[in-house]
Amino acid sequence: MAMLAAAPIHLDIERVLLTEAQIQQRVRELGAQLSADYAGRTLTLVGVFAGATLFLADLIRAIDPTLKVHLDVVGVSSYGAGKTSNGRPTITQMPELLMFGRDVVLVEDIIDTGTTVAFLREQFQMVFGARSVRVCALLDKQPQLCRADYLGFACDPEFVVGYGLDYAEGYRGLSYVGVLKSRVYQTA
């Protein structure tokens, strides 16, 4: 297997929290776990748009190709251009697939306060009628609360960007997860 070259560090990044290699290894492990847990069933992955896009793309490729997987996205907003949640998530883009009776795994980039995940679980179970709803998150800032059924990494309460995570829609394309320098968001 070829080694991944280290990506250059963006000038706004204080330090790299997770390298591309660490992320890809954990995504493969999560894919194997989902493959085992949903063997013989149809799995519907629903990415929380736009932050989970990169994670979702890598995750679906890490799932056993013999497993039937449907793919959709849901748009949710609770941040706007700020660095903290406003505590009131709203759906900005509905999933296109009918969710009734499906086994759904919501794919989230990061769980911060947990408000969005709780809101989405409720919507998919009570409103959309999914048979089961689980959560796969790349990062969780409070993993002791067990908010993700499948968790990539625990994360300190720092402002992180990269691998789909953004600040004011920037930094999503970084191949790693890094801690954003505070001067960037304190001057905004």
Please verify whether the range 172-180 includes one or more residues that are more than 22 Å from residue 57 (Cα to Cα) and either surrounded by 15 or more Cβ atoms within 10 Å (Cβ to Cβ) or not basic (Lys, Arg) (or both).
yes
Which one of these does residue 126 not meet: (1) of a type outside the set (D, E, K, R); (2) within 28 Å of residue 39 (Cβ to Cβ); (3) in contact with a strand residue (DSSP E or B) (Cβ under 9 Å, 6 or more places away or on another chain)?
(3)
Take the range 20-47 and flag every residue that is among the basic types (Lys, Arg) and within 14 Å of the chain's Cα centre (by Cα).
26
I'd like to know if the range 97-115 contains one or more residues that are among the polar types (S, T, N, Q), closer than 25 Å to residue 37 by Cβ and touching a residue at least 12 places away in the same chain (Cβ under 8 Å).
no
Are any residues in the range 27-59 under 24 Å from residue 170 (Cα atoms), of a type outside the set (Phe, Trp, Tyr) and not in a strand (DSSP E or B), and if so, which ones?
27, 50, 51, 52, 53, 54, 56, 57, 58, 59
Matching option when the condition is on the phi < 0 side of the Ramachandran plot, free of Cβ contacts under 8 Å to residues at least 60 places away in the same chain, touching a helix residue (DSSP H, G or I) at 6+ places or on another chain (Cβ under 8 Å) and surrounded by fewer than 16 Cβ atoms within 10 Å (Cβ to Cβ), among 21, 32, 36
32
Considering only the range 133-170, how many residues are over 23 Å from residue 57 (Cβ atoms) and modelled with pLDDT of 95 or more?
0
Listed residues 152, 162, 129; which is under 21 Å from residue 73 (Cα atoms), touching a Phe, Trp or Tyr at 6+ places or on another chain (Cβ under 6 Å) and surrounded by 14 or more Cβ atoms within 10 Å (Cβ to Cβ)?
162
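Matching residues to (1) more than 23 Å from residue 101 (Cβ to Cβ); (2) at pLDDT below 95; (3) of a type in the set (Phe, Trp, Tyr):
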site	(1), (2), (3)
8	yes, yes, no
11	yes, yes, no
17	yes, no, no
20	yes, no, no
30	yes, no, no
41	no, no, no
45	no, no, no
54	yes, no, no
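Return a yes/no flag: does the range 60-74 have any residue that is at pLDDT below 95, under 18 Å from residue 169 (Cα atoms) and either among the small types (Gly, Ala, Ser) or crowded, with 18+ Cβ neighbours inside 10 Å (or both). Step through it out loud before you land on a result.
Taking the range 60-74 first, the residues at pLDDT below 95 are none.
No: the range 60-74 contains no residue that is at pLDDT below 95, under 18 Å from residue 169 (Cα atoms) and either among the small types (Gly, Ala, Ser) or crowded, with 18+ Cβ neighbours inside 10 Å (or both).
The values are calculated or read from the model by the stated rules, or taken from the named source; none is laboratory data. Given the structure is predicted, the values throughout are model-derived calculations rather than measurements. Cβ: placed from backbone, ideal geometry, glycine included. Neighbour counts: every protein chain shown.
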